[in-house]
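Notes to accompany the following structure.
The values are calculated or read from the model by the stated rules, or taken from the named source; none is laboratory data. Note that the structure is predicted; figures quoted are calculated from it, not measured. In this analysis, Cβ positions are derived from the backbone assuming ideal geometry, glycine residues included, and neighbour counts consider all displayed protein chains.
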Amino acid sequence: MSVVQIDFGKRKRARVVGIDLGTTNSLVAYMETPPPKVIPTPEEGKLVPSIVSYTREGKIVVGEEARRRLITEPERTVYSVKRLMGRGIADVQDELKLFPFQIAEGSESVIRLKLGERTFTPPEISAFILRQLKQNAEAHLGEPVEQAVITVPAYFNDAQRQATKDAGRIAGLDVLRLVNEPTAAALAYGLDKRHDGVVAVYDLGGGTFDISILRLHEGIFEVMATNGDTHLGGDDIDNLLLRIALEDIESEWGRDLSGDNSAVQQLRRAVVKAKEELSYALKTVIDFEYEGRRYQRELTRELFEKLITPFVDRTLGPCRDCLADAGVRPEEIDEVVLVGGSTRIPLVRQAVENLFRTRPHTELNPEEVVALGAAVQAAILAGSVEDKLLLDVTPLSLGIETMGGVVSKLIPRNSTIPASATEHFTTAVDGQTNVLIHVVQGERELAKDCRSLARFELKGIEPMPAGMPRIEVRFLIDANGILNVTAKDLRTGKEQQVEVKPSYGLTDDQVEKMIEESIEMAEEDFRQRQVREARVEADTILHAVEKAKQDEAYEALSEEEKQRIEEAINQLVVAYHGDDHVLIRTKIEELNNVTMKLAEAMMNAAVSKALKGTKL
Ligand code: ADP
Ligand code: MG
């Protein structure tokens, strides 16, 4: 595998942020000068839970506020949506068993999630998270943020990468680059400034496990191999503890809570809390109260470790495969980087250390390290840091279907990207004028067992005996891991090209529509804010008028004037309870007008009172 350095040339400096769009938590970081920093949320936290809720008032809430609504409004709230990104309904059957996703009817090529009376696609849901991060960054930096680098698991296929880019677009972000999460982590640790060697990045988050082997050579990283499991992480541990607790409760209370969304969410929080505590304490208590009853269960680290050993072991297979793919032995690993909240678990750290025979890096917060690395990449793209590119690899092989449904691989998995490959094909039937190019992704031999990415036709081939035409197929993967396929009839020069739009995913038109809708939604958000602000103002004036009614000056008004004031108060109160901010403001204005004389009288009285006490 060759090592390439790519020069981006000179670019104008711009605000580019780095975003870790996680399954469990998301965060945004920024780097003006090293080191990169995580941008705090308005509540002074750093992680934004990747949870979105749609309120009865038609408002979108994200993060902690949405997390609270997992309990009160589970039917309107969604988490772990990253699991659905760029996937079709057939792909997600396993998820549906464990996650309370509410798939809208008629979801086929594009999944729609039902939140109350509206439906949203996974990229739209992710866009709400991204928009929240964008807002946090804008509030913190005090200027608009329109460009971002977003990280994705190394295992994400083309469809999932496209869906992530779509989410960025819907959120009003220009996604300059998608970077593999482990690749970002290596940058965050600044390992490029170390001596040459081999680095393993072990990332165990909430929903995904990734292992990557990088080679550092003369200040440039090359990703030698990646492996992992898209269904392995802290969530699995949570689900296991949840099942145990549910069974316990059923035998203690004689009541099966597993069908009760709200109870399950609440219990999930209790077991997650216990799990996280066990990373620091030797024992803890799962503590859960529901409808007046209480369940408590002591959990020791010893028992916990016994329970999770199978999960930890499941990460080791992919690690060994990854080492084999990279062609390195464990003792050749010089440095190990830990990423993801679940690597705080001591048993995980121990297992990693045993396997790679190296004490892993834990200096940076494992939940922040990916976003920090994304910020470094962002700074590189913004031109504020010397240009440098981390090389990524393709997670799965890419090829086309040929005679008999067999796959001809053009780009093998773990190829360094950007990558391109060209191969020549011919026709199978005499006089054939069209060929169907079927692009697939996967490791299996038969196209039907691989993931179908796209189909397109090259037309207008000169009719000739089978085997005579020469058709050149060229695959080009850009730095984001997005595939472009060209087929060319070498005799006629006719060419067909597609940027591979995954068979599961959104069309450009759908994305456009979502962007429009999200603007509508933003208008709705804006309107809601106007209403709230108008109400605050109304409160202030109503309060002032009530106070003025106690004043002597009020008594001095004519009955007719008093009547007019009462009338204006009533009208403002009615408007206050509606949601028309223009009407509220009109009524504020009217009340202001009819109380003008009263205000003047009070002012004069106050002035003369003040003068009375003044000795000249
Ligand atoms: P993701 O990349 O999937 O968004 P994160 O890297 O944010 O995930 O990690 C989230 C996971 O880390 C959750 O499962 C969470 O419970 C787990 N986690 C966080 N802190 C701890 C801890 N102290 N001990 C064990 N697990 C933890
Ligand atoms: Mg992560």
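Quickly run through the stretch 307-336 and pick out the residues that are in a helix (DSSP H, G or I) and among the small types (Gly, Ala, Ser). Gly317, Ala324, Ala326 - these are the residues of the stretch 307-336 that are in a helix (DSSP H, G or I) and among the small types (Gly, Ala, Ser).
Scanning the stretch 213-233 for residues that are within 16 Å of ligand 2 (Cβ to nearest atom) and not in a strand (DSSP E or B) yields a total of 4.
For the stretch 329-358, the set of residues classified as touching a residue at least 60 places away in the same chain (Cβ under 8 Å) and out of contact with any helix residue (DSSP H, G or I) (no Cβ under 9 Å at 6 or more places or on another chain) consists of Asp334 only.
Residues in the stretch 243-255 that are in a loop (DSSP other than H, G, I, E, B) and either charged (D, E, K, R) or within 16 Å of ligand 1 (Cβ to nearest atom) (or both): Arg255 alone.
For the residues Arg297, Arg301, Arg344, Arg314, the requirement of being of a type in the set (Lys, Arg), under 26 Å from the mean Cα position of the chain (by Cα) and either more than 14 Å from ligand 1 (Cβ to nearest atom) or closer than 23 Å to Ile249 by Cβ (or both) singles out Arg314. Please find, among Ile244, Ile249, Ile237, the residue that is aliphatic (A, V, I, L, M) and within 28 Å of the chain's Cα centre (by Cα). Just one listed residue meets the conditions, Ile237. Leu176 meets the conditions (1) free of Cβ contacts under 8 Å to residues at least 24 places away in the same chain; (2) farther than 21 Å from Glu367 by Cβ in every case but one. The failed one is (1). Consider the stretch 187-216. How many of its residues are within 17 Å of Ala29 (Cα to Cα) and within 16 Å of ligand 1 (Cβ to nearest atom)? Counting residues in the stretch 187-216 that are within 17 Å of Ala29 (Cα to Cα) and within 16 Å of ligand 1 (Cβ to nearest atom) gives 2.
In the stretch 321-345, which residue that is more than 16 Å from ligand 2 (Cβ to nearest atom), surrounded by 14 or more Cβ atoms within 10 Å (Cβ to Cβ) and not acidic (Asp, Glu) is farthest from Asp235 (Cα to Cα)? This residue is Val328.
Go through (1) at negative phi; (2) surrounded by fewer than 24 Cβ atoms within 10 Å (Cβ to Cβ); (3) in contact (Cβ under 8 Å) with a residue 40 or more places away in the chain one by one and return the number of the condition Met85 breaks. So Met85 meets the others, but not (2).
Condition check ((1) surrounded by 18 or more Cβ atoms within 10 Å (Cβ to Cβ); (2) closer than 30 Å to Leu191 by Cα) across all residues:
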position	(1), (2)
Gly234	yes, yes
Leu241	yes, no
Asp248	no, no
Gly254	no, no
Gly259	no, no
Arg293	no, no
Glu305	no, no
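Look at the stretch 423-481 and say how many of its residues are among the small types (Gly, Ala, Ser) and either within 30 Å of Val149 (Cα to Cα) or in contact with a helix residue (DSSP H, G or I) (Cβ under 8 Å, 6 or more places away or on another chain) (or both). Walk me through how you get there before you give the answer.
First pass over the stretch 423-481, keeping only residues among the small types (Gly, Ala, Ser): 428, 431, 442, 447, 452, 454, 460, 466-467, 479, 481.
Next, only the ones that are either within 30 Å of Val149 (Cα to Cα) or in contact with a helix residue (DSSP H, G or I) (Cβ under 8 Å, 6 or more places away or on another chain) (or both) stay: 428, 442, 447, 452, 454, 479, 481.
Selection size over the stretch 423-481: 7.
Per-residue answers, yes or no, for (1) away from ligand 2 (no atom under 16 Å from the Cβ); (2) in a loop (DSSP other than H, G, I, E, B); (3) in contact with a Leu (Cβ under 7 Å, 6 or more places away or on another chain):
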position	(1), (2), (3)
Ile211	no, no, no
Asp235	no, no, no
Leu241	yes, no, no
Leu257	yes, yes, yes
Lys275	yes, no, yes
Glu302	yes, no, no
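Pairing residues of the stretch 203-218 that are of a type in the set (Asp, Glu) with residues that are in a strand (DSSP E or B) and more than 8 Å from ligand 1 (Cβ to nearest atom), at Cβ distances under 7 Å and at least 6 apart in sequence or on separate chains, gives Asp203/Phe209; Asp203/Asp210; Asp210/Thr226; Asp210/Gly228.
For the stretch 111-205, the strands (runs of 3 or more DSSP E) that sit wholly inside it and include 3 or more residues that are over 13 Å from the mean Cα position of the chain (by Cα) and assigned by TED's automatic domain parsing to the domain that holds Gly88 are 113-115, 118-120, 174-180, 197-204. The residues in the stretch 575-592 that are free of Cβ contacts under 8 Å to residues at least 12 places away in the same chain and in a loop (DSSP other than H, G, I, E, B) can be counted, and the count is 1. Whenever a residue of the stretch 126-149 is farther than 16 Å from Thr164 by Cβ, its partners that are modelled with pLDDT under 95 and polar (S, T, N, Q), lying with C-beta atoms within less than 8 angstrom and at least six residues away or across chains, give the pairs Asn136/Thr41.
The residue that is modelled with the lowest pLDDT, counting only those in the stretch 383-441 that are closer than 20 Å to Leu187 by Cα and assigned to a strand (DSSP E or B), is Leu391. Taken as a whole, the structure places Ala200 among residues that are more than 21 Å from Pro418 (Cα to Cα), buried (at least 24 other Cβ atoms within 10 Å of the Cβ) and of a type in the set (A, V, I, L, M). Residues that are part of a loop (DSSP other than H, G, I, E, B) and touching a residue at least 40 places away in the same chain (Cβ under 8 Å) were ranked within the stretch 88-110; the one that is farthest from Thr164 (Cα to Cα) is Pro100. Evaluating Ala538 against the criteria (1) modelled with pLDDT of 90 or more; (2) of a type in the set (A, V, I, L, M, F, W, C); (3) in contact with a Phe, Trp or Tyr (Cβ under 8 Å, 6 or more places away or on another chain) leaves one unmet condition, (1). Restricting to the stretch 172-218, name every residue that is at pLDDT below 90, touching a Ser or Thr at 6+ places or on another chain (Cβ under 6 Å) and among the β-branched types (Val, Ile, Thr). If the condition is that a residue be at pLDDT below 90, touching a Ser or Thr at 6+ places or on another chain (Cβ under 6 Å) and among the β-branched types (Val, Ile, Thr), then Val179, Thr208 are the ones that fit. The single condition from (1) modelled with pLDDT under 85; (2) over 30 Å from Gln377 (Cα atoms); (3) assigned to a helix (DSSP H, G or I) that Met468 fails is (3).
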